Amino acid sequence: MDFSLKTAASGVKTKANVFVLPAHESTTLPSIVDEIDKSLNGQITIRQKSKRLRLKNGQVNGFTVVEKASWSDVILAGSKKGASQRDWIAFTTAVFNALKLAKAGSVVIDLTQVDAALSEALLIQLLAKTFVEVSYQYDTTLSDKKDKLLLKKVHLIVSSANAANKHAAELGRSMGLGANVAKQLGNLPGNVCTPSFLAKEAQGLAKSYQKVSTEILTEAQLKKLKMGSLLSVTAGTDEPAKVIVMKYQGDKASQKPVVLVGKGVTFDSGGISLKPGARMDEMKFDMCGAASVFGTMKAVAELGLKVNLIGVVGAVENMPSGCATKPGDVVTSMSGKTIEVLNTDAEGRLVLCDLLTYVEKFKPKAVVDIATLTGACVVALGHHASAVYSNDDDFQMALKKAGDVVYDRAWPMPLWDEYDEQLKSAFADMGNIGGPDGGSVTAACFLSRFAKNYTWAHMDIAGSAWQKKKASGRPVGLLTQYIIDQI
């Protein structure tokens with residue numbers, strides 16, 4: 001999907017299947033370009049006077065052009081005055097769905113008529129991001145393939161086709177592509193998306209972008225690195241674990257990288273602490289943290305950003321067998337700290353803790369780990385926000401701010417010593433769970449013990465990574481926006 005910017009004079013004359021004109025909610029329409037109303041034999045003016053065109057945000061009203069014009073149809077779309085990010089995303093989603101229904105291959109959208117509490121650049125960015133994301137369709141494992149999307153050309157009428165607005169369109173498009181990568185990986189079933197499959201996807205990413213390189217660490221290498229905590233998770237499966245290291249070098253080698261660490265449990269049965277059967281199929285989504293790392297790498301590589309970014313993914317399966325780790329077992333992490341595995345279904349932190357030790361070698365500017373870590377996070381925040389924990393308040397707020405910009409919201413959570421004390425164990429340096437109270441917090445406290453030597457944040461995306469059995473692509477938008485903000 002290509003996005004181009006036009007001024008008002010050229011935009012009205014641009015050939016396209018559909019012209020989209022935003023109409024303010026519960027008000028008379030803004031002044032209409034004479035050529036548009038003329039092409040409709042004055043239908044807009046007539047209906048405007050009869051007050052039949054008061055559209056709520058996201059409502060659409062279509063007209064067929066009866067005079068010769070640059071487009072075949074006109075769509076009026078309700079746009080709320082003072083629109084927020086949420087309002088604007090609802091508007092653009094409704095417009096996209098109307099265009100899809102109309103089987104439009106091209107469209108002109110007049111953004112100069114929009115009254116929003118957002119800059120023009122952000123309007124453009126969010127529209128491009130939403131259009132690309134909503135265009136995603138899953139049919140990989142369906143025998144009846146879905147029709148290909150017809151919409152290829154999106155022309156936006158703006159007040160200025162300057163460099164900032166052009167960059168905003170490219171930023172939104174790239175964020176959308178990254179989110180769609182995360183959706184696709186998340187939606188794939190566990191028998192397809194295995195640790196080995198993720199390794200091949202990473203190698204494919206490196207082949208697609210000159211600035212991206214990939215290294216795959218095998219179980220033999222992980223044993224040499226003494227990643228006993230990570231390997232304890234994969235002990236019960238026939239699928240070999242992989243640690244995937246993706247490097248994007250867009251800046252001088254001397255510049256410290258931002259490091260993203262993703263939990264990649266491609267299927268989580270709970271291990272010996274077996275999960276209930278109901279909704280266990282959703283545990284294919286337990287690698288959505290890893291998927292978001294892939295998606296962010298894709299977005300950054302598409303944009304060619306002047307930044308160094310490293311993505312590290314711990315790809316494992318958690319399955320029960322005679323070889324599986326048992327509750328009560330004590331394992332030794334790469335850091336040398338010992339862990340009593342009180343519950344094998346608290347496996348994500350066992351993967352991440354070794355990765356957090358491993359990434360210290362990169363001398364990072366900052367580290368974010370992303371994981372569908374705890375059901376407790378869903379209880380606390382529902383599906384609306386990702387939880388953000390950090391050992392640095394400024395870093396925590398920078399991540400929150402980035403999420404606010406692109407409406408991929410996150411909420412700061414505490415890392416207090418009182419919660420950390422719940423991890424005490426009589427038989428190891430710590431237990432891998434801290435009891436039923438504050439489960440998302442104690443999981444973050446566990447991880448914080450392995451990230452004391454650099455600026456670090458943990459994002460629990462258990463509630464935001466998927467809904468209604470579909471991956472959301474979050475938090476690719478937040479992570480990409482944060483990286484943009486650092487340049």
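The values are calculated or read from the model by the stated rules, or taken from the named source; none is laboratory data. The structure displayed is predicted, hence computed values, not measured ones. Cβ coordinates were reconstructed from backbone atoms using ideal geometry, including for glycine residues, and neighbour counts include every protein chain displayed. The accessibility values were calculated without ligands, DNA or RNA, using every heavy atom of the protein model including side chains. Shrake-Rupley method; radii C 1.70, N 1.55, O 1.52, S 1.80 Å.
Points worth noting:
- Residues (exposed (fewer than 13 other Cβ atoms within 10 Å of the Cβ) and modelled with pLDDT of 75 or more) located in the range 14-41: Lys15
- Residue within the range 417-425 that is crowded, with 17+ Cβ neighbours inside 10 Å, hydroxyl-bearing (Ser, Thr, Tyr), assigned to a helix (DSSP H, G or I) and free of Cβ contacts under 8 Å to residues at least 40 places away in the same chain present: yes
- Those residues of the range 327-353 which are more than 22 Å from the chain's Cα centre (by Cα) and under 14 Å from Leu260 (Cα atoms), in sequence order: Cys353
- Strands (runs of 3 or more DSSP E) fully within the range 309-413 counting 1 or more residues that are modelled with pLDDT of 95 or more, farther than 30 Å from Ile484 by Cα and open to solvent by 40 Å² or more (accessible area, probe 1.4 Å): 330-332
- When the range 106-135 is limited to residues that are of a type in the set (S, T, N, Q) and touching a strand residue (DSSP E or B) at 6+ places or on another chain (Cβ under 7 Å), the one that is nearest to Leu21 (Cα to Cα) turns out to be Gln113.
- Candidates Ala121, Ala179: the one that is in a helix (DSSP H, G or I), touching an Asp or Glu at 6+ places or on another chain (Cβ under 6 Å) and in contact (Cβ under 8 Å) with a residue 40 or more places away in the chain is Ala179.
Each row is one residue, and each column tells you yes or no for (1) free of Cβ contacts under 8 Å to residues at least 40 places away in the same chain; (2) open to solvent by 40 Å² or more (accessible area, probe 1.4 Å); (3) outside any helix (DSSP H, G or I); (4) under 13 Å from Ile310 (Cβ atoms).
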residue: Gly204; (1), (2), (3), (4): yes, no, no, no
residue: Lys207; (1), (2), (3), (4): yes, yes, no, no
residue: Gln210; (1), (2), (3), (4): yes, yes, yes, no
residue: Glu215; (1), (2), (3), (4): yes, yes, yes, yes
residue: Lys226; (1), (2), (3), (4): no, yes, yes, no
residue: Pro240; (1), (2), (3), (4): no, yes, yes, no
residue: Val243; (1), (2), (3), (4): no, no, yes, yes
residue: Lys256; (1), (2), (3), (4): no, yes, yes, yes
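- Test for Ala235: is it closer than 25 Å to Thr338 by Cβ, touching a residue at least 40 places away in the same chain (Cβ under 8 Å) and in a helix (DSSP H, G or I): yes
- Note on the range 209-238: residues that are within 16 Å of Lys263 (Cβ to Cβ) and in contact with a Pro (Cβ under 8 Å, 6 or more places away or on another chain) amount to 1.
- Looking across the range 103-120 at every residue that is small (Gly, Ala, Ser) and open to solvent by less than 30 Å² (accessible area, probe 1.4 Å), the one that is modelled with the lowest pLDDT is identified as Ala116.
- Taken over the range 184-201, the criterion of being in contact with an Asp or Glu (Cβ under 9 Å, 6 or more places away or on another chain) and open to solvent by 20 Å² or more (accessible area, probe 1.4 Å) is satisfied by Pro189, Ser196.
- Restricting the range 84-102 to residues that are open to solvent by 10 Å² or more (accessible area, probe 1.4 Å) and not aliphatic (A, V, I, L, M), the residue that is farthest from Gln137 (Cα to Cα) is Ser84.
- Selected residue (criterion: farthest from Gly473 (Cα to Cα)) from residues of the range 124-147 that are in contact (Cβ under 8 Å) with a residue 24 or more places away in the chain and surrounded by fewer than 22 Cβ atoms within 10 Å (Cβ to Cβ): Thr141
- Residues that are in contact with a strand residue (DSSP E or B) (Cβ under 9 Å, 6 or more places away or on another chain), of a type in the set (Lys, Arg) and over 25 Å from Thr357 (Cα atoms) do occur in the range 406-429.
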